[in-house]
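Novice: Okay, handing you the structure first.
The values are calculated or read from the model by the stated rules, or taken from the named source; none is laboratory data. Every value quoted in this text rests on a predicted model; they were computed, and no experiment measured them. Positions of Cβ are backbone-derived with ideal geometry, glycine not excepted, and every protein chain shown enters the neighbour counts. Heavy atoms of the whole protein, side chains included, go into the accessibility calculation; ligands, DNA and RNA do not. Shrake-Rupley method; radii C 1.70, N 1.55, O 1.52, S 1.80 Å.
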Amino acid sequence: SGSTFTAESALQFDGTKLLITETATTGSSPIELLKLEVTDTGDVDLAAGEGPAITFYVGEDSATSQLGAQIAAVRESATDLDAATALKLYTAANDASASEKWAISSAGVISTSNSAYYTNLEVGAASDTTITRASAGDLNVEGNLIYRAGGTDVPVTDGGTGASSAGTALSNLGAAPA
């Protein structure tokens, strides 16, 4: 307290909020505004699942707050030579510790802690197109099968070939073999 910051300061605190500013560039890379780092001292290896996090606390009454959510960048491996990192989101129920809800791996694979999230994907507003996983290997749009693992037996009217062989597919589509 007692410090005065000018409008040109990169780091400002107004007594209730912290503001970090940076002048935009014409580059295409993210502009680093905040760096969170967990270091490895050499004799203690970071374990898989460890890494820096931002933790959010939610006020419960005038005297207390409780853990609400966390975003973390965590190591996927405990091997020193492998710094592959996943981004994870954790949320907490009332008076509970936070648990992982979804993750994006270093390979770009998105996963959730609840398989129910895999069954429906709303594209756009709730009244728009619904993509569903009908069963293992089958994908539906608005209740119509559009993909089957192995590519067989999707009806021509739904954009498939209705066949499991190239010759039958050509015939079903009204095309002559070349």
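Novice: Applying the selection to region 58-81, what residues are among the hydroxyl-bearing types (Ser, Thr, Tyr) and touching an Asp or Glu at 6+ places or on another chain (Cβ under 9 Å)?
Specialist: Across region 58-81, the qualifying residue is only Thr79.
Novice: Turning to a different aspect of this structure: Looking at (1) open to solvent by less than 100 Å² (accessible area, probe 1.4 Å); (2) within 30 Å of Ser111 (Cα to Cα); (3) touching a strand residue (DSSP E or B) at 6+ places or on another chain (Cβ under 8 Å); (4) of a type in the set (S, T, N, Q), which one does Thr21 not meet, given that it meets all the others?
Specialist: (2)
Novice: What are the pairs, 6+ residues apart or on separate chains, where a residue within region 13-39 that is more than 20 Å from Pro52 (Cα to Cα) has its Cβ under 8 Å from a residue that is of a type in the set (Val, Ile, Thr) and open to solvent by less than 100 Å² (accessible area, probe 1.4 Å)?
Specialist: Short answer, once both residue conditions are applied: Glu22/Ile31; Ala24/Ile31; Thr25/Ile31.
Residues checked against (1) surrounded by 12 or more Cβ atoms within 10 Å (Cβ to Cβ); (2) under 23 Å from Gly108 (Cβ atoms); (3) basic (Lys, Arg); (4) in contact with a strand residue (DSSP E or B) (Cβ under 6 Å, 6 or more places away or on another chain):
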residue	(1), (2), (3), (4)
Val44	no, no, no, no
Phe56	yes, no, no, yes
Asp61	no, no, no, no
Ala69	yes, yes, no, yes
Ala72	yes, yes, no, yes
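Novice: Determine whether Ser29 is polar (S, T, N, Q) and either surrounded by 12 or more Cβ atoms within 10 Å (Cβ to Cβ) or in a strand (DSSP E or B) (or both).
Specialist: Here the answer is no, as Ser29 does not meet what is asked.
Novice: Looking at the structure I just gave you, is Lys35 over 26 Å from the mean Cα position of the chain (by Cα), exposed (fewer than 11 other Cβ atoms within 10 Å of the Cβ) and modelled with pLDDT of 80 or more?
Specialist: Answer is no for this residue.
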